[in-house]
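K.L.:
Next up is a structure, given as structure tokens.
Nothing in this text is a laboratory measurement; each read-out follows from the coordinates by a stated rule. What you see is a predicted model, and the numbers here were worked out from it, not measured in a lab. With ideal geometry, Cβ positions are generated from the backbone for all residues, glycine too; neighbour counts draw on all protein chains shown.
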Amino acid sequence: MITRDMSMCQAVLENHQLLPLFPRFNIKTGFGEMSVEQVCKTHRVNTDFFLEIANAYLDDEYVPGKDLSHFSLGSVVQYLTSTHTYYVQIALPRMEEKIHRLLEYSGLSAKEVNLVSGFFNDYKKDFMVHISEEEQEVLPYILELEKQSIKEDSDPDFIDRLRNYSIREFALKHDRLEYSLENLSRLIIKYLPPFEDFDLCNQVLSGLANLVKDLVDHANMEDKVLIPRVTELEQQLIRKHDTQ
């Protein structure tokens with residue numbers, strides 16, 4: 001478990017899974033002897049929020065602390081937006097390029113090539129729809145919720161909406177697309193003829209496994225950190241309005 005007093009350098013050396021998180025917080029290496037908290041303060045990152053994200057990524061069984069109010073929902077939205085950008089601009093294009101190279105020199109039939117490329121393209125399309133829905137519907141709702149929570153008198157129309165909608169509805173229909181991407185690895189390993197370029201095939205399979213793990217961790221973060229925090233604020237806002 002990562003703590004605020006731990007050396008950031010040591011935390012990373014012992015938990016290399018943390019590395020993909022740093023660009024999403026705009027944290028650069030060169031930590032020296034600074035602690036996790038000192039690094040966060042240097043980069044203007046909320047330490048409590050970083051710890052929740054880091055520990056949720058490192059431990060599938062990690063349960064966030066009871067008091068989730070130490071960080072703003074704006075911090076969560078900023079992190080999610082940065083993560084979406086990473087997937088769309090870096091992770092998926094990188095994976096697509098490796099798959100393309102593997103297929104280009106594979107000797108597979110046109111049908112087999114189209115099967116693999118079509119599978120990945122369908123996944124990417126579904127993923128982009130998923131991201132678009134979050135950024136156009138869910139994230140603006142979260143920002144408005146936080147905005148309303150700090151107002152002296154909340155907008156009655158928003159309160160009415162809140163009584164008929166909860167972030168839990170998003171959770172119920174929250175598609176776990178990472179598991180469908182895992183099927184691409186299964187297709188390559190189980191059903192396709194052996195690839196001559198073993199090293200490139202291994203790179204593709206390793207890349208898919210790492211991407212699936214990252215997507216699983218990201219979805220778990222939304223389930224274990226984002227949704228409880230938003231739910232907490234929703235309930236606080238309704239109670240505040242009812243007592244006025």
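K.L.:
Considering only segment 131-147, I want to know if a residue exists there that is touching a residue at least 24 places away in the same chain (Cβ under 8 Å), more than 21 Å from F49 (Cα to Cα) and surrounded by 17 or more Cβ atoms within 10 Å (Cβ to Cβ).
P.N.:
Yes, segment 131-147 has at least one match.
K.L.:
Just give me the residues in segment 34-50 being of a type in the set (V, I, T), in a helix (DSSP H, G or I) and surrounded by 15 or more Cβ atoms within 10 Å (Cβ to Cβ), in sequence order.
P.N.:
V36, V39, T47
K.L.:
Conditions first: (1) among the hydrophobic types (A, V, I, L, M, F, W, C); (2) in a helix (DSSP H, G or I); (3) more than 18 Å from the chain's Cα centre (by Cα); (4) within 21 Å of L226 (Cα to Cα). V12 passes all but one, so which condition is the exception?
P.N.:
Condition not satisfied by V12: (4).
K.L.:
With respect to N55, determine if the residue is closer than 21 Å to Y87 by Cα and in contact (Cβ under 8 Å) with a residue 24 or more places away in the chain.
P.N.:
In short, yes.
K.L.:
Please report, ordered by residue number, the helices (runs of 4 or more DSSP H) entirely within segment 128-221 with at least 1 residues that are farther than 30 Å from E104 by Cα.
P.N.:
Output list reads 139-149, 156-164, 167-172, 198-221.
K.L.:
Hey, another quick one. Which residues, taken from segment 216-244, are surrounded by fewer than 16 Cβ atoms within 10 Å (Cβ to Cβ) and hydrophobic (A, V, I, L, M, F, W, C)?
P.N.:
I238
Listed here are the residues, each with its yes/no results for (1) more than 22 Å from the chain's Cα centre (by Cα); (2) more than 28 Å from V204 (Cβ to Cβ).
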site: V63; (1), (2): no, yes
site: F71; (1), (2): no, yes
site: Y86; (1), (2): no, no
site: S117; (1), (2): yes, no
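K.L.:
Still on this structure, I have one more. Name the residue, out of V204, V225, V212, that is over 24 Å from N55 (Cβ atoms), of a type outside the set (D, E) and touching a Leu at 6+ places or on another chain (Cβ under 9 Å).
P.N.:
Every option except V204 fails the conditions.
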